[in-house]
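The next block holds one structure in the form of structure tokens; read it before the comments.
The values are calculated or read from the model by the stated rules, or taken from the named source; none is laboratory data. These numbers come from a predicted model, not from an experiment. A quick note on method: Cβ atoms are made from the backbone with ideal geometry, for glycine too, and the neighbour counts reach across all protein chains shown.
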Amino acid sequence: MKALMQIGYGSLKENLQIQEVEIPKISLNEVLIKVHSASINPHDYKIVLGEFKKMEKLSFPTSVGSDFSGTIIEVGKNIDHFVIGDEVFGTSHGTIAEFCKADVSTISLKPRNSLFNDISVLPVVGMTTIQSFNRIGGIKKGDKILIHAGSGGVGTFAIQYAKSKGAFVYTTTSAQNSEWVKKLGADVVIDYKKENYLDICSDIDIVFDTLGNQYTFDAFKIIKQGGNVISLLPAEINKQVAKEFRIPKLIAFFLSLKPSKIKKLVKDKNATYEFIFMRPNQLFLLEISNLVKNNRIKPIIEKVFELNNSIDAFEHLAKGHTKGKLVIKI
């Protein structure tokens, strides 16, 4: 079968190749899927660039991609609730390929009202968003939420998800994306090139920080007392971050000796702070499926690439400012 493979760390064009590889063999709790569509996330290209090589050890060549939609063509012997021919979506490793295998706990039936391309863009961004808000007990009707980078993959899902829960949504994006982000449901759109969101937002219940670094610390300036900050990028190394990224215990110990700015900010605002490392969860996939069935979530796709042009898709995403997601049609 054809598959996109990573052969080393460094430039995308030099370290990604389309290769002929064997079709994966499944275990008792896995299914084999004929992939129809895959989508890519920033984490996918950052792995190739080597940004996570101290945390995620790879042996080359290795397969690429995590989001997919497709049709089951083989079922493991322990599985009784999926059958050959089921159309599914979910996450796995090595999904930018003609076939992939997936653990049964990381897939769900594809909604009948959704196309393969559309549903393939939702697993990672959807589960990241739902897990994030579950960690703080959910969203209440009327909550004021700031979602950074509202036109990105996570942002476009998060805006729609927050609105489905009855929240009042602020988001940051560029002026050129303002109108269509409003159509997704954003109540207040802030042009980050001309406006300072710190001057516009106040008494926020939840900041959904997709950018990290100083944005994480600044979130505490605008949340209300008892507010919540959710970050997809770690602002500091603590026990949770060290565990998630498999940082050696000795290094993690010395890093933990550094005074924590986050702890002080949390204490001053009586706030909660959560760093989210997405874990696949079938219940989250079922929630995504129901949101799509009920037309509460609309997948946002900027461009569709063919498998043979998948390296171009990676280079396009790495430039930044993608509107929604990019799809690779297999």
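Some notes on this structure:
The rows are residues; the columns are (1) under 25 Å from SER105 (Cβ atoms); (2) of a type in the set (A, V, I, L, M).
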position: ALA3; (1), (2): yes, yes
position: GLU14; (1), (2): no, no
position: SER37; (1), (2): yes, no
position: PRO42; (1), (2): yes, no
position: GLU56; (1), (2): yes, no
position: PHE60; (1), (2): no, no
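- For the residues GLY126, GLY85, the requirement of being modelled with pLDDT of 95 or more, of a type outside the set (A, V, I, L, M), closer than 23 Å to SER231 by Cα and not in a strand (DSSP E or B) singles out GLY126.
- Of everything in the range 94-112 that is assigned to a loop (DSSP other than H, G, I, E, B) and touching a Lys or Arg at 6+ places or on another chain (Cβ under 9 Å), the residue that is surrounded by the most Cβ atoms within 10 Å (Cβ to Cβ) is GLY94.
- Residue count, the range 129-157 (criterion: among the polar types (S, T, N, Q) and surrounded by 24 or more Cβ atoms within 10 Å (Cβ to Cβ)): 4
- Subset of the range 158-204 that is assigned to a loop (DSSP other than H, G, I, E, B), in contact (Cβ under 8 Å) with a residue 40 or more places away in the chain and surrounded by 14 or more Cβ atoms within 10 Å (Cβ to Cβ) - its residue that is farthest from the chain's Cα centre (by Cα): CYS201
- Identity of the residue in the range 282-330, free of Cβ contacts under 8 Å to residues at least 24 places away in the same chain and among the acidic types (Asp, Glu), that ends up farthest from ALA97 (Cα to Cα): ASP312
- Residue among ILE311, ILE251, ILE247 that alone is among the aliphatic types (A, V, I, L, M), modelled with pLDDT under 90 and part of a helix (DSSP H, G or I): ILE251
- Where strands (runs of 3 or more DSSP E) sit wholly within the range 1-49, those with at least 3 residues that are of a type in the set (A, V, I, L, M, F, W, C) occupy 2-6, 30-40.
- If you go through the range 1-50 and pick out every residue that is under 19 Å from SER92 (Cβ atoms) and not β-branched (Val, Ile, Thr), you end up with 27.
- The combined condition, being of a type in the set (Phe, Trp, Tyr), under 21 Å from MET1 (Cα atoms) and part of a loop (DSSP other than H, G, I, E, B), is fulfilled by PHE60.
- Boolean, PHE208 is of a type in the set (Phe, Trp, Tyr), at pLDDT 95 or above and farther than 19 Å from THR129 by Cα: no
- Among the residues of the range 205-221, not a single one is under 19 Å from the mean Cα position of the chain (by Cα), within 29 Å of VAL292 (Cα to Cα), without any contact (Cβ under 8 Å) to a residue 60 or more places away in the chain and assigned to a helix (DSSP H, G or I).
- The selection criterion, being touching a helix residue (DSSP H, G or I) at 6+ places or on another chain (Cβ under 9 Å) and in contact (Cβ under 8 Å) with a residue 40 or more places away in the chain, holds for LEU12.
- Note on the range 38-60: among residues that are polar (S, T, N, Q) and out of contact with any Phe, Trp or Tyr (no Cβ under 9 Å at 6 or more places or on another chain), the one that is surrounded by the fewest Cβ atoms within 10 Å (Cβ to Cβ) is SER59.
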